[in-house]
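The values are calculated or read from the model by the stated rules, or taken from the named source; none is laboratory data. As the structure is a computational prediction, the values presented were derived from the model and not from experiment. Neighbour counts are summed over all protein chains in view; Cβ atoms, including those assigned to glycine, are modelled from backbone coordinates with ideal geometry. These accessible areas exclude ligands, DNA and RNA; they are computed on the full protein's heavy atoms, side chains included. Shrake-Rupley method; radii C 1.70, N 1.55, O 1.52, S 1.80 Å.
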Protein chains: 2
Amino acid sequence: MALPLRERNRLAAAHHIIDTAIDLFDEHGYGQVTVEQIAAAAGVSPRTFYRYFGSKEGLFTTDPYAVIGADQIQPHIDLDDLPGTLRRIVAAVTDPPPEEVAVRAGPPWRGMHYVLQEPAVRAAVYAALDEGSRRFTDLLREKGMSATQARVTARAYWFGVYFGSLEQWHLDGRVRPLGDYIDQALAALQDLP
Amino acid sequence: MALPLRERNRLAAAHHIIDTAIDLFDEHGYGQVTVEQIAAAAGVSPRTFYRYFGSKEGLFTTDPYAVIGADQIQPHIDLDDLPGTLRRIVAAVTDPPPEEVAVRAGPPWRGMHYVLQEPAVRAAVYAALDEGSRRFTDLLREKGMSATQARVTARAYWFGVYFGSLEQWHLDGRVRPLGDYIDQALAALQDLP
DNA sequence: TGACTTCTTGACAGAGTCTGCCAAAACGGA
DNA sequence: TCCGTTTTGGCAGACTCTGTCAAGAAGTCA
């Protein structure tokens, strides 16, 4: 019971809205579902929906329900071991903390289909990735890395290894562990043409 | 006079709208300017604006006025020489073909400020980069590269080297040639931690 | 030049997104 | 139970974007 009750309620409500929304998306298609419909199905007002998520795409990018929020990567970063960093972040995605599982109906990647297929969602996710890679860059700079090296490194890991692996993992049906994809991608990064 | 009159008119009209829009943005701020105002100032109807650009952000991502359109990278790609590929693409950005210059009031990076600063524009640009990196990936695959290697390579070059350099170049005031940033970034890519 | 076809434009209506605002309701601690 | 704080709902309104259709401009051919 680490979180105050109010926050837990908020968390549960957010998860409920997300799950309701994805149910509707699965049934009617992302573009055919309006925020008004989601709100009605979830038993809240549209105004409340926007307070929670800011936009329809916000369903997929709002902390702590994002693919991975910028706030959440920070604790995993070890600049002396970037491959290990990537693997820890991945573990956080595939094995969410217990208190989240308790209120979540589906797995954290339930909405991944829409992240990959819907341009609007994809754009929102890229914005989140952008934010994450910026923080990553800043941390690398603080460690003494040059601006160019930090920028290229952060982006290569973030967009190339992380998001790329997440995408391919999903496209392949999530049969093999995500970690395998990360390992492959990390190896590929060492062997660029 | 390579292009038919209709297309030249269209091109000129698009450039005129873009320039008008950026004038307004510079004066009032991106968020304070509505499409209706842009259209009025450019002497077209809002409907026409949407036909040209699809959205307000489309001003920055619609071919051939995008930072770089997916269609335009293809001719520059030489899979046996990726650094050279990057440099040719950069040259296309900084040295636009004559027929474009003729109808363009400002330099091609006139709107770069908004690309970097406005979240909505940035998201749209990422969508365009995403599209570009996908095509890049496909081409690499056709050349026999493995799926993972192609994905990581395309993303590292596209998001890490290309967009990263473009961003830093602008942030530094575009004093040094963009090519220098590309060269630096390419070197950094060979020396990832 | 005049007619014919094709593409482009403007106007309008309407659905959907998102925000500011304020009063009502719910909550959680004392 | 009571009270201060937080959350919610409802409403008005601005803005974005799309479908549709008739009017206008551009290009073609005789």
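Observations on the structure shown:
- Between residue A:147 and residue B:80, the C-beta separation translates, for a Förster distance of 30 Å, into a calculated FRET efficiency of about 0.50.
- Among the protein heavy atoms of the protein assembly as shown, carbon and sulfur supply 51% of the accessible surface, probe 1.4 Å, non-protein parts ignored.
- Rounded FRET efficiency, nearest 0.05, which uses the C-beta distance separating residue A:12 from residue A:37 and R0 of 22 Å: 0.55
- In a simple Cβ point-charge model (Lys, Arg +1; Asp, Glu -1; nothing else charged), the range A:5-189 has a dipole of about 340 debye relative to its Cα centre.
- Within the assembled protein chains, the solvent-accessible surface assigned to residue A:7 is about 100 Å², based on a 1.4 Å probe.
- Buried solvent-accessible surface, both chains (A, B), 1.4 Å probe, Å² to nearest 100: 2800 Å²
- Label geometry 7 Å along the beta-carbon vector: residue B:34 inter-copy distances in nm: 2.0
- Hits among aspartates and glutamates - C-alpha to C-alpha of residue B:143 under 12 Å, sequence gap 8 or more where chains match: B:78, B:80
- Inter-copy label distances at residue B:16 (7 Å, Cα→Cβ; nm, one decimal): 5.6
- The protein assembly as shown - charge dipole about Cα centre, Lys and Arg +1 at Cβ, Asp and Glu -1, debye rounded to 20: 460 debye
- Cβ-based charge dipole, the protein assembly as shown, positive-most Cα from B:190, A:156, B:48: B:48
- The range A:5-189: relative contact order as a whole-number percent, Cα under 8 Å and 6+ apart: 19 percent
- Label points for residue A:55 are taken 7 Å from Cα along Cα→Cβ. From this copy to the others they lie 0.6 nm apart, shortest first.
- In the context of the full set of protein chains, residues of chain B present 46 Å² of accessible surface per residue (probe radius 1.4 Å, heavy atoms only).
- Reachable lysines, given that their alpha-carbon falls under 20 Å from the alpha-carbon of residue B:56 and they are not under 8 places away in the same chain: A:56
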